[in-house]
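The values are calculated or read from the model by the stated rules, or taken from the named source; none is laboratory data. What you see is a predicted model, and the numbers here were worked out from it, not measured in a lab. When we count neighbours, we look across all protein chains shown, and the Cβ atoms used for this are built from the backbone with ideal geometry, even at glycine. With ligands, DNA and RNA removed, areas are computed over all heavy atoms of the protein, side chains included. Shrake-Rupley method; radii C 1.70, N 1.55, O 1.52, S 1.80 Å.
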Amino acid sequence: MNFPHFVRIDREGRSGDKHYVVHTHNPQFTVELSPDRDAPDKVGGGVLKRVCVPNSWAGDYGKYSKLLTKAQEFFAQSAPDGSPRRA
């Protein structure tokens, strides 16, 4: 697992758990994901719920497509505490 610029943040709340993946280097962005309950491991690559990007990048999603894929891979491979997921 080689994702040096990604951080996972998991929040527990009354309305359920929220999962965020943050890209800490330029371009900085945050993705909110929910586990894919239809995936065999009940997590999968996550289902995108929200993407927050700087205004200067709004509308140019082609620049983010590779990084969004990496963010989903990071989410799928990381455990809620940020450690690598064990198979």
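At-a-glance table
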item	result
Residue that is modelled with the lowest pLDDT, among those in the stretch 26-62 that are loosely packed, with under 13 Cβ neighbours inside 10 Å and either of a type in the set (Val, Ile, Thr) or under 12 Å from the mean Cα position of the chain (by Cα) (or both)	52
Every pair of residues 6+ apart whose Cβ atoms lie under 9 Å, when the first sits in the stretch 25-36 and is small (Gly, Ala, Ser) while the second is open to solvent by 30 Å² or more (accessible area, probe 1.4 Å) and modelled with pLDDT of 85 or more	34/17; 34/18; 34/47; 34/48; 34/49
Residue pairs meeting the criteria (Cβ under 6 Å; at least 6 apart or on separate chains; first without any contact (Cβ under 8 Å) to a residue 60 or more places away in the chain and part of a loop (DSSP other than H, G, I, E, B), in the stretch 37-53; second hydrophobic (A, V, I, L, M, F, W, C) and open to solvent by less than 60 Å² (accessible area, probe 1.4 Å))	45/76; 46/33; 46/75; 53/29
Subset of the stretch 1-10 (residues that are open to solvent by 100 Å² or more (accessible area, probe 1.4 Å) and in contact with a helix residue (DSSP H, G or I) (Cβ under 9 Å, 6 or more places away or on another chain))	1
Residues within the stretch 1-39 that are of a type in the set (Asp, Glu) and more than 18 Å from residue 76 (Cβ to Cβ), tallied	1
Answer residue from the stretch 63-75, given it is open to solvent by 60 Å² or more (accessible area, probe 1.4 Å) and modelled with pLDDT of 90 or more and is farthest from residue 17 (Cα to Cα) among those	70
Filter pass, residue 67 being part of a strand (DSSP E or B) and on the phi < 0 side of the Ramachandran plot	no
Test result for residue 13, surrounded by 15 or more Cβ atoms within 10 Å (Cβ to Cβ), out of contact with any strand residue (DSSP E or B) (no Cβ under 9 Å at 6 or more places or on another chain) and not charged (D, E, K, R)	no
